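One structure is given below, encoded as structure tokens.
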Amino acid sequence: MGSIEYRRLRGEADARLWRAIRLEALQTAPEDFLTQYADVIDRPFESFVQNLENGVTCAALRAREPVAVMGLIPETLRAAAHRASLVAVFVRPSERGTGVARALFERLLAEAPSHIAQVELYVRDGNARAEAFYRRLGFEEYGRLPDATRVDGTSQTDILMRLSVPPREG
């Protein structure tokens, strides 16, 4: 299958990769994302470039094609600057269970600003595989948000999770 490269996505060339896998993710598992395919398909390309500038987005690439992606968006308010949200996590079905997601998360944390001490996420109640993955990484549930999203008229509950990140040099 070939080796996998883990790296941060930056600039216009990488924004093309980001757009491609983001659209694939939204088509593959629409119930698992707050953002829906219809929300993104007509966005100008520049918005994907801007996404990469506003946070940290890393991808796992096999033969220069993205097979997994995840992002980290740091809080911008001073009192919450130690926090960041894990977003847009997607691993192609063929790569699930191979360790790609864990390695990508480790790379994402290595790329994150050193002052980030807490990572938070929402995961759809019922997405057992993702929830189990986050728990293996050390995330803990701290609440639930009923009616967090409605996909095709169906109300879904989100599980709120957090991870304390050990201090890093930066």
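The values are calculated or read from the model by the stated rules, or taken from the named source; none is laboratory data. What you see is a predicted model, and the numbers here were worked out from it, not measured in a lab. Glycine gets a Cβ as well: all are built from the backbone with ideal geometry, and neighbour counts include every protein chain shown. Just so you know, the surface numbers come from the protein's heavy atoms only, side chains and all, with ligands and any DNA or RNA stripped out. Shrake-Rupley method; radii C 1.70, N 1.55, O 1.52, S 1.80 Å.
Using the structure shown, decide if E12 is open to solvent by 50 Å² or more (accessible area, probe 1.4 Å), part of a helix (DSSP H, G or I) and either closer than 24 Å to D147 by Cβ or out of contact with any Pro (no Cβ under 9 Å at 6 or more places or on another chain) (or both). Show your work before the answer.
Values: open to solvent by 50 Å² or more (accessible area, probe 1.4 Å): yes; part of a helix (DSSP H, G or I): yes; either closer than 24 Å to D147 by Cβ or out of contact with any Pro (no Cβ under 9 Å at 6 or more places or on another chain) (or both): yes.
When the stated conditions are applied, E12 passes them.
Inside the range 83-103, can you point out the residues that are touching a strand residue (DSSP E or B) at 6+ places or on another chain (Cβ under 6 Å) and either without any contact (Cβ under 8 Å) to a residue 12 or more places away in the chain or not hydrophobic (A, V, I, L, M, F, W, C) (or both)?
Within the range 83-103, R83, S85, R92, E95 qualify.
Mind listing whichever residues of the range 35-57 are open to solvent by 80 Å² or more (accessible area, probe 1.4 Å) and not in a helix (DSSP H, G or I)?
Residues satisfying the conditions are D42, R43, P44.
Residues in the range 110-135 that are touching a strand residue (DSSP E or B) at 6+ places or on another chain (Cβ under 9 Å) and either part of a strand (DSSP E or B) or hydroxyl-bearing (S, T, Y) (or both): how many?
8
Of all residues in the range 149-167, which are assigned to a loop (DSSP other than H, G, I, E, B) and open to solvent by less than 70 Å² (accessible area, probe 1.4 Å)? Spell out how you get there, then give the answer.
Step one: of the range 149-167, the residues assigned to a loop (DSSP other than H, G, I, E, B) are 152-153, 165-167.
Correct list: V165 only.
This table checks each residue for (1) open to solvent by 30 Å² or more (accessible area, probe 1.4 Å); (2) in contact with an Asp or Glu (Cβ under 8 Å, 6 or more places away or on another chain); (3) touching a residue at least 40 places away in the same chain (Cβ under 8 Å); (4) not β-branched (V, I, T).
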{"residue": "M70", "(1), (2), (3), (4)": "no, no, no, yes"}
{"residue": "F105", "(1), (2), (3), (4)": "no, no, no, yes"}
{"residue": "P113", "(1), (2), (3), (4)": "yes, no, yes, yes"}
{"residue": "D147", "(1), (2), (3), (4)": "yes, no, no, yes"}
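So which residues in the range 72-103 are over 19 Å from Y122 (Cβ atoms), small (G, A, S) and exposed (fewer than 13 other Cβ atoms within 10 Å of the Cβ)?
A79, S94, G97, G99
Please verify whether P30 is closer than 20 Å to V123 by Cα, over 15 Å from the mean Cα position of the chain (by Cα) and not β-branched (V, I, T), treating the condition exactly as stated.
No.
When you scan the range 75-94, do you find a residue that is assigned to a loop (DSSP other than H, G, I, E, B) and either charged (D, E, K, R) or on the phi > 0 side of the Ramachandran plot (or both), even just one?
Step one: list which residues in the range 75-94 are assigned to a loop (DSSP other than H, G, I, E, B), which gives 75-77, 81-82, 92.
Of the ones still in play, those that are also either charged (D, E, K, R) or on the phi > 0 side of the Ramachandran plot (or both) are 75, 92.
Yes.
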